[in-house]
Every structure is written in structure tokens, then in C-alpha cells.
Amino acid sequence: MTETASTFKAKSTIKSADIEHRQKINFNIGKYNAVVPLGKQQFSDNNLVKERAKNIKWRALETLDQHLEEFEMHFTARGGKVIWAQDSQEALDEILNICKEKNCKTVVKSKSMVTEEIHLNSFLQENGIESIETDLGEYIQQLDGEPPYHIVTPAMHKSKEDVARLFADKLGTPSKLTPQELTLVAREKLREKYIQAEIGITGANFIISDIGAIAITENEGNGRLSTAWPKTHIAIVGIEKMIPSMTDLALMWPLLSTYGTGQKVTVYSSIITGPKQPGETDGPEEMYVILLDNNRTNILANPVQRESLYCIRCGACLNVCPVYKNIGGHSYGTTYSGPIGSVISPNLNGLKEYKHLSYASSLCGACTEVCPVKINLHQLLLDNRKESVEQGMTTFSEKMAWKIWKAASLKRSRMNMGGGGLKAKIVNALFKDWNKHHEPLHFSKKTFNEMWKDRERLK
Ligand code: SF4
């Protein structure tokens, strides 16, 4: 077993027995479950909406090369700069170059999973640049020294009392502040940082090719402040976030809001087409978009797994997953957790190291059912398993166990050999890992042939 797999197993074992954790998660997911059906009422035909959204992403991904070039052409025409980054290191080096050029000491950041993927905060810190998370959930997590727990709700595993204690500990506030008071504290601290920051860094929910823009949705206004207040704005975005046209937002924005948080549409929705233009009063003087590959083109090249790039990161599959709800977001040890994380992490970070995530599923199909872009998630998990077997990543004992099982199952005379007790002994020895967490397998005393003969005799 790889180190990542054994760490995952150890962390999951502890978390799944943690009753307090489960209560907090159930409470927060319960709130989500109460509002999502209300948000869905805005669609007269949910299935049709999902089909259309899937078609938009299909169209974008099937001709991604053309859309990326079209985006670049339009975006650069208005003075924006596009950087193509093949991997995390290239993206980090480019960001550092810009920071050095601008003599940047402070960066304000809005919520972005891609910046988590490339470990931007720790990289900037190592290079003497302060990077401040401005989304409240991310700010809480940064104060606590933890990565986000959930792709939409970063501090979902914390109660309001936990947050009050954290603020008291890290910021010296009274220990029993209400959520409103805590938010005001964060707001006051963050406003100072916006004034100091030379650069704002964001992700993007969508890249729009026909107008050369990025689209950002958020609820706190921190994204707008991060993009408009500092003189330089850098948006880093995975290439799969493409949609062909601005008119596609009419569907994609409400869809993302409803499946992400139950809202009809998020509070702030911004379309950013480049830096401040002559005569405009707001916006950054310079704007960069970093288009990140980081193994996404490998997924694109795989006709089966390509579908996983349709993901709009709404987080709905995490909220319905019985595994996620029990082991929590941090046990995965990857940027993307839950069903979509278990599908893409082995393909983004290496099948050998992360294939175990594709086995951490009951295959109940709840994730596939809820996905607003109809990604066949549980089938893709199975496909990862198949791929890992075909690449010979199974252990010797597992291979032998299945070989013996196959040899026995293919011949009736072999199936009839030995009594039920002997068979149970052999099979339980072969599948001993299974028996660590399950009752041993039992076999009938009589073989199928013998039972059939008895049945015929009684007719
Ligand atoms: S896979 Fe589907 S349900 Fe899961 S986060 Fe992505 S879009 Fe949402």
C-alpha cells in the first residue's frame, strides 16, 4: 500500500468514528438540503437543464484548443495578458515574476481551488510575500492553518463556536462573538489588506471564449474588491473552465448557484474582460489570465475520463456522498475531495498514488444523480479501478485470489469440490482484507448441484 493510501485509511478511520464531526457536517449539509430544492424551482424541467448544461460543456471541451485561442485573441485585444502554464511550477514562477516586477509585498486573494492545487499561499510566503485569503470561509481556514474542507464551503466542518474560539485565539477577540460580530472583525482586518495589496489574485468560474472574458461568482464582494482595488489583477484558471459564449452564462450561472448553495443566483456576478480601459474609473491597470493545464490535457486525451472536465465545482456531489459525510474533506489528502475528487485526483496527480480514492466509494450513484452537468461519476470511479488493474497496480495476493476464483468458477466440477466449511476457509483466507471489516463469508453445506437435484426430486 502506498503512503498516501495508508494515510487516507488512517485518517478516515479516525474521522468516521468522530461523532462531533458527523453532527457538525450533518447540521451544515442539512441547511444546504433545505434550500437547494427551493432554488431548483426556478427550472421548469431540471433534467432538460442538466442536459443543456452538459451539452455546453461538451461543446467547449471537444473544441477546447479553438476556444482557448479565441479567448486569448479577444482578451489581449483589450490589453489583457495571457500566460499558458503547463504545470504548477510554471504558474508559480510566472506569478512570482509579476510580483517581483511590481515590488509586491502583499497579495489579496479571493477563493480559488486552483490556487490550492498549486499551493500558492505557501509558495508566496516562502518568497517573502504575504498572501491573504479574503473569502470569509477561506480566511477562517487560513487563520487555523488548514486547507479548505469543501470546494464550496471551506470551513463547513466548523461550528460558529469553533470560529469564535479561533478568532479569540488568533486575533484576541472576546471568545463568544456572534457570527455577525465575527464577520465584522474579519471585514475590518481585510479592508486594511485591500489598501496595502499591490496585487489581487482570483480564480474564475468560467472562461468565456466569444468575448474573451472570465466570469466570477461570489457572495461576499471580496472577489470584486480583489479584482478592482489592487493595481494588478492575476486570474489563474484551469483550462477546462471554458464555455463557448457569454449567452451560456444565462444557464450556467443559475445552475452553479442553485446546486452550490441553493440560491437562484449568487450575490455578485462579474464578467471581467480585461484591465481598466481609457476613460474608465475602476479596475486594475494590468490584468493577467494564467491558463493552467497541470495534467488536464491528459484527461482530455482520454475519451472516457474527458467527461470529468465538465465539472463546474458546485460541490453537490460532496454533499450527497455517504463516504464524504463520514470521513470529511481533509481525509482525502487532495485539493479536490468527495466523488469528483476521487475521479480526478488519480488522473491529475498519478493513478499509482491516488487510485485508492476510486475504491473509497459505495458506488451508490447519488453523486451521478445530483450532478448538474450529468457527469457519470460512479462509472468513472469504476473506470479508474479498471485502469489501475490493467496497468498492473494490484497486489500479488489480490491477483492470485481472483485467478483462483476464476479458475474455480469456470468449471462446475471444481465448484462442487470440498464441503461448505472447506470453501469458507479457503475463500476467507484469500480475501482476508475484506474480513477485517466484514463478517466472514459463509458457504452452504450443499453445493448448488446437490440443491438442484433435491429440488427436482421433490417435484
Ligand atoms: S462533479 Fe458535478 S456535482 Fe460534483 S462538483 Fe462537479 S459539477 Fe458539481
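Can we say residue 250 is part of a helix (DSSP H, G or I) and either open to solvent by less than 10 Å² (accessible area, probe 1.4 Å) or away from the ligand (no atom under 13 Å from the Cβ) (or both)? Criteria met by residue 250. For the range 397-409, indicate whether the set of residues that are without any contact (Cβ under 8 Å) to a residue 60 or more places away in the chain and assigned to a loop (DSSP other than H, G, I, E, B) is non-empty. The answer is no, given that none of the residues of the range 397-409 is without any contact (Cβ under 8 Å) to a residue 60 or more places away in the chain and assigned to a loop (DSSP other than H, G, I, E, B). For the structure I just gave you, tell me whether residue 143 is within 27 Å of the chain's Cα centre (by Cα), farther than 30 Å from residue 244 by Cα and either crowded, with 22+ Cβ neighbours inside 10 Å or of a type in the set (Gly, Ala, Ser) (or both). In short, no.
Taking the options 394, 368, name whichever one is of a type in the set (Ser, Thr, Tyr) and either at pLDDT 95 or above or within 16 Å of the ligand (Cβ to nearest atom) (or both). Going through 394, 368 in turn, the sole match is 368. Just for the range 63-86: of the residues that are open to solvent by 80 Å² or more (accessible area, probe 1.4 Å) and under 24 Å from the mean Cα position of the chain (by Cα), which one is nearest to residue 249 (Cα to Cα)? Checked the range 63-86; the qualifying residue nearest to residue 249 (Cα to Cα) is 65.
Against the condition open to solvent by less than 70 Å² (accessible area, probe 1.4 Å), farther than 16 Å from residue 260 by Cα, within 10 Å of the ligand (Cβ to nearest atom) and in contact (Cβ under 8 Å) with a residue 24 or more places away in the chain, how does residue 380 come out, does it pass? Spelling it out, residue 380 is indeed open to solvent by less than 70 Å² (accessible area, probe 1.4 Å), farther than 16 Å from residue 260 by Cα, within 10 Å of the ligand (Cβ to nearest atom) and in contact (Cβ under 8 Å) with a residue 24 or more places away in the chain. Within the range 178-208, if we keep just the residues that are polar (S, T, N, Q) and part of a loop (DSSP other than H, G, I, E, B), the residue that is least open to solvent (accessible area, probe 1.4 Å) turns out to be 205. Is one or more of the residues making up the range 427-439 under 30 Å from residue 261 (Cβ atoms) and surrounded by fewer than 17 Cβ atoms within 10 Å (Cβ to Cβ)? No, the conditions are met nowhere in the range 427-439. Here residue 155 does not fit the description of being at pLDDT 95 or above, assigned to a helix (DSSP H, G or I) and out of contact with any strand residue (DSSP E or B) (no Cβ under 9 Å at 6 or more places or on another chain). Taking the listed residues 260, 274, 279, the one that is more than 20 Å from residue 373 (Cβ to Cβ) and surrounded by 21 or more Cβ atoms within 10 Å (Cβ to Cβ) is 274, with no other qualifying.
The values are calculated or read from the model by the stated rules, or taken from the named source; none is laboratory data. Keep in mind it's a predicted model, so treat the numbers as computed, not measured. Cβ sites come from the backbone with ideal geometry, for glycine too, and all protein chains shown count toward neighbours. Heavy atoms of the whole protein, side chains included, go into the accessibility calculation; ligands, DNA and RNA do not. Shrake-Rupley method; radii C 1.70, N 1.55, O 1.52, S 1.80 Å.
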